[in-house]
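Engineer: One structure, pasted below without further comment.
The values are calculated or read from the model by the stated rules, or taken from the named source; none is laboratory data. Computed from a predicted model, the values in this text were never measured in an experiment. Neighbour counts are summed over all protein chains in view; Cβ atoms, including those assigned to glycine, are modelled from backbone coordinates with ideal geometry.
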Amino acid sequence: MRLIIYTGKGGTGKTVTSCSTAIKLAEYGHKTLVISSDPAHTLSDALMMPNIGYQVQEILPKLDVLQIDPVTEMRNQFDTTLSYMASIFSAKGIDETLAYEIAMLPGMTQLFSLLKVEELVKQKSFDVIVIDMPASGEALRYLYFPKLVGSIGRKMAGLLGMFGGVARMFQALSKNPIPSKGNIQIEADLLNRIQYLSEIIQNSNMTSIRLVANPDTFSIENAKRALMSASLFGINVDLAIINKIMPHQTTDQYYANWAEFQEGKVEEARANFYPLSLKEIRLHDTELRGLGMLRKNGELLFGNEDPARIYYRGKAFNFSTEENSLRMTVKVPFTEKDDFDLERHGDQLTIKVKNPVGYIVNIVPLPSAALTMKLVKAKLNGDELNVLFAKGI
Ligand SMILES: Nc1ncnc2c1ncn2[C@@H]1O[C@H](COP(=O)(O)OP(=O)(O)O)[C@@H](O)[C@H]1O
Ligand SMILES: [Mg+2]
C-alpha cells in the first residue's frame, strides 16, 4: 500500500496534481483513492463533478474520491471528547459556546481528517491513497505527537498536550472535572490510532510526501520549510513539482521577463530541493480542471512512469541533537570541494558555492532548536554539508 501526500502553499496546484496523479494511478491498474480535506468542494471543482459528497465514491474504474469534511468527522467520531474538553473550560466559568470555540483549536479539524485517513488505511481496500493536504503543513505536526506521548505516559494529559496551547491551560485547570472512564477510553483509543497512523507515515516504503510549488519565491520557500519539517519528523519526501511555469517567449517583453524570472526560480528550486528530482509543469493555456485536462496533465507529469514508484528515499536533511549542540547534515548539489561560503541569518542558512557555472545559492531553513545556538563548524563531505551549531560559546 502506498500513501502519497501532496503539500505546498495554497494555489500552487496541490488539488489538481493530486487528481492527475490519481487518474494516472488508476489507469496503471492501482486501486486508487484520492482524498481532499480542503474546505468546501475542492474535488468537485477540480474534477468538475458537482455530486462529490462526504462518502467514498467511485468516479472511474479503479478510482474513488472522498471529500472529507473535518467538522462532520469530528462530530461523528469524537463528540464525547470535544464535550469533555469544553466541560473543562466551562467549569472554569467560561461560557459554554465559547468553551467549544476554545476546544476547537486550529489544527484540530485536520487531526480528525487524519484519523479518517487512518480508518481508510486500516480497511486495506486501496493500493494507493493520494492525499491532497490543506495549505498549512501544520497537520503533520500531529503525526509526530505519539512520540512525545510515549515518553510522558499515555495519560489524559497526553491527549490534551496535543492541542498545543491547551496543555498549559489544562495544567492550571486540572483540579476541575475528573475525566470519566469513558472519556479516558476514548482518548486511549485515539492515541492508539494516531500512533498507528504515525508509524505508517514514517514508513518510507509506504508514505511519500510530494512538494508542489510554483516558480516564485514564496511558494518555494514554503515547500522548503515543508521539506525541512518532514525531515525532522522522519517522513520521506520523494519528489518536487514546479507547476505553472510560463512557456519561453520572445515576442513580448512583458512575458519574456516573466519567463526569464521563472527559469531562474526553477534553477533555484533544483538546487534547493536537491537531491529530490524535480518535475516541471507548464502553465496550461486555460485553467486546469475537468477529467480530460487532468488526465493530460497526469501524462505530462508521469509519462510512462508509474506514479506509485518511490522517486527518492533518503534524507535531504539530517539532524542529531546533543545536550548543547545540534548537528545538521544537508545534501547539497555539488560534489567537488569548491569554495563555499556560509551565512546565517536568523532561522536561515545561506550556502553559497562556486562551481563551473557560477554561484549556486542554497537557502536552508533551520529548525527552531538552532535559533539559540551559534554556527560553530562546517565541513563539506562529498555532496553532504555538515554543520555544527552549539549553545553559547
Ligand atoms: N499547470 C496549470 N495550468 C493552468 N492552471 C493551473 C495549473 N495548475 C493549477 N492551475 C489552476 O490553479 C488554481 C489552483 O489550483 P489548485 O489545485 O486548486 O491549488 P491548491 O490545491 O494548491 O490550492 C486552479 O484554478 C487550477 O485550475
Ligand atoms: Mg486545493
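Engineer: Taking residue 55 as the residue in question, decide whether it is within 16 Å of ligand 1 (Cβ to nearest atom) and modelled with pLDDT of 85 or more.
Structural biologist: no
Engineer: Kindly indicate whether any position in the stretch 241-251 is under 23 Å from residue 331 (Cα atoms) and surrounded by 14 or more Cβ atoms within 10 Å (Cβ to Cβ).
Structural biologist: So far as the stretch 241-251 goes, yes, one or more of its residues are under 23 Å from residue 331 (Cα atoms) and surrounded by 14 or more Cβ atoms within 10 Å (Cβ to Cβ).
Engineer: Mind checking whether some residue in the stretch 276-290 is within 25 Å of residue 21 (Cα to Cα), exposed (fewer than 15 other Cβ atoms within 10 Å of the Cβ) and more than 15 Å from ligand 1 (Cβ to nearest atom)?
Structural biologist: Scanning the stretch 276-290, I find at least one residue that is within 25 Å of residue 21 (Cα to Cα), exposed (fewer than 15 other Cβ atoms within 10 Å of the Cβ) and more than 15 Å from ligand 1 (Cβ to nearest atom), so the answer is yes.
Engineer: So residue 68 passes all but one of these: (1) modelled with pLDDT of 90 or more; (2) within 16 Å of ligand 1 (Cβ to nearest atom). Which condition number does it fail?
Structural biologist: Residue 68 satisfies all of (1) modelled with pLDDT of 90 or more; (2) within 16 Å of ligand 1 (Cβ to nearest atom) except (1).
Engineer: Give me the residue from the stretch 1-24 that is within 16 Å of ligand 2 (Cβ to nearest atom) and assigned to a loop (DSSP other than H, G, I, E, B) and, out of that set, nearest to the chain's Cα centre (by Cα).
Structural biologist: 9
Engineer: Still on this model: Can you run down the residue pairs with Cβ atoms below 9 Å, 6 or more apart or on separate chains, where the first is in the stretch 296-322 and within 16 Å of ligand 1 (Cβ to nearest atom) and assigned to a loop (DSSP other than H, G, I, E, B) and the partner is at pLDDT below 95 and among the β-branched types (Val, Ile, Thr)?
Structural biologist: Filtered contacts from the stretch 296-322: no entries.
Engineer: Let me ask another. Being in the same structural domain as residue 14 (by TED's automatic domain parsing) and part of a strand (DSSP E or B) is true for just one of 235, 220, 242. Which residue is that?
Structural biologist: Of 235, 220, 242, the one residue that is in the same structural domain as residue 14 (by TED's automatic domain parsing) and part of a strand (DSSP E or B) is 242.
Engineer: Could you check how many residues of the stretch 17-51 are surrounded by fewer than 18 Cβ atoms within 10 Å (Cβ to Cβ), among the hydrophobic types (A, V, I, L, M, F, W, C) and closer than 12 Å to residue 61 by Cβ?
Structural biologist: 0
Engineer: I would also like to ask the following. With the condition kept exactly as written, say whether any residue in the stretch 288-306 is modelled with pLDDT of 90 or more and farther than 27 Å from residue 42 by Cα.
Structural biologist: Checking the stretch 288-306: at least one residue is modelled with pLDDT of 90 or more and farther than 27 Å from residue 42 by Cα.
Engineer: Name the residue that is farthest from ligand 1 (Cβ to nearest atom), counting only residues in the stretch 12-47 that are in contact (Cβ under 8 Å) with a residue 24 or more places away in the chain and at positive phi.
Structural biologist: 29
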